[in-house]
């Protein structure tokens, strides 16, 4: 038996089919839009992460530059402070010991087996002005070429006398003394005198040699 479909039914079925096709197309469109939206969001997140990483890097670079600048500034300040301290020391020396009245005495040692230095006593014009008792380390430092600033003070212009008395031990550890007297004149210039302990091989004795520095 044949079933006859009326024209109205055909129209209704055709309408439903069109609605179905439109619905499917709409669903597919929404699905593609969703996928595109996800891709877009992922891309935006990636860009955001890159920008964030770039910002972090820039921040780290900025912090590093700031730290370096502070370190350079501190180093510059340290150099300025050292220079200021040096200038103040020189100024203090000039104020306390002006050249017009300054006298300085130094000790050096060129000795081997004839004299082992133990102490020194210094007099100017009969007055005790300085004394020093040496340790083993200080004695060796002098024997290796060091120079000791023994005394610095002020005296009046005119004629003066310096007396230095060194005590120590000979090569057989017997206590001995060596002394020296030195006459010098004081004028407007500073006076600097070096007391040298020297070995003399001709008589196997140590001798005090006085040398005045010419400025």
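Side notes on the structure shown:
- Residue match in the range 158-167 (condition: touching a strand residue (DSSP E or B) at 6+ places or on another chain (Cβ under 8 Å), assigned by TED's automatic domain parsing to the domain that holds residue 204 and under 16 Å from residue 110 (Cβ atoms)): yes
- Count - residues of the range 176-212 that are more than 43 Å from the chain's Cα centre (by Cα) and free of Cβ contacts under 8 Å to residues at least 24 places away in the same chain: 5
- Figure legend. Inter-residue proximity from the range 122-148: first residues assigned by TED's automatic domain parsing to the domain that holds residue 184 and touching a residue at least 40 places away in the same chain (Cβ under 8 Å), second residues part of a helix (DSSP H, G or I) and surrounded by 14 or more Cβ atoms within 10 Å (Cβ to Cβ), beta-carbon distance below 7 Å, spacing 6+ or different chains. Indicated pairs: 148/142.
The values are calculated or read from the model by the stated rules, or taken from the named source; none is laboratory data. All values derive from a computational prediction rather than experimental measurement. Cβ: placed from backbone, ideal geometry, glycine included. Neighbour counts: every protein chain shown.
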